[in-house]
1. How long is segment 61-128 along each principal axis, judged by its Cα atoms, biggest number first, in Å?
2. Calculate, axis by axis, the spread of Cα positions in the chain along the three principal axes, and write the results as whole Å, longest axis first.
3. Which ³J(HN,Hα) values in Hz, rounded to whole numbers, follow from the phi angles of segment 46-63 under the Karplus curve 6.51 cos²θ - 1.76 cosθ + 1.60, where θ = phi - 60° and Gly and Pro get x?
4. Strictly greater than 13 Å: what percent of every Cα pair in segment 1-77 meets that?
Amino acid sequence: MTRSLSWLVGLRVLLILAAVIMSATDRLPWWFTALIVARDLAMGGVIALRRLRTDEPVRHDPVAPVAGGLLLVGLALIAPATGDGAVAVLARVFGWAAAWWGLGLSWASLAGHTRDLQRLIAPRRDRAGAV
């Protein structure tokens, strides 16, 4: 595993563990955690298929690190935001905003990688069918 790949895997493991712990303590809904895990599993599948079917390296996606950072910031703000004080309310509002943006961008990143994989595999199918 390369250094950059191990860093990315570590970040995703951190996000999943934080989401699971927050869901277990009722700070985050389980369905939100399930969306994070589902995206990571789907991305793992896309990367595995790409490595099996093509020789092309996985492209650098500038959206994915931003999405991971937003999710981390969002979870960090949501976690301690208890009570009805102004600080807690602001932390929840900005935390959920960052978390939703992060989740949306991570799914958009998955869609981009899936579209790239489809473009790489489709010409091979056409050539195989034409033979």
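All of the numbers you see were taken from the coordinates with simple rules; none came from a lab. This is a predicted model, so every value here is computed, not measured.
1. Here the Cα extents, ordered largest to smallest, are 64, 16, 12 Å.
2. Its Cα atoms span 69, 26, 24 Å along the three principal axes.
3. The phi angles translate into 5, 5, 5, 4, 5, 5, 6, 9, 10, 9, 6, x, 5, 5, 6, 10, x, 7 Hz.
4. In whole percent, the long-distance tail amounts to 72.
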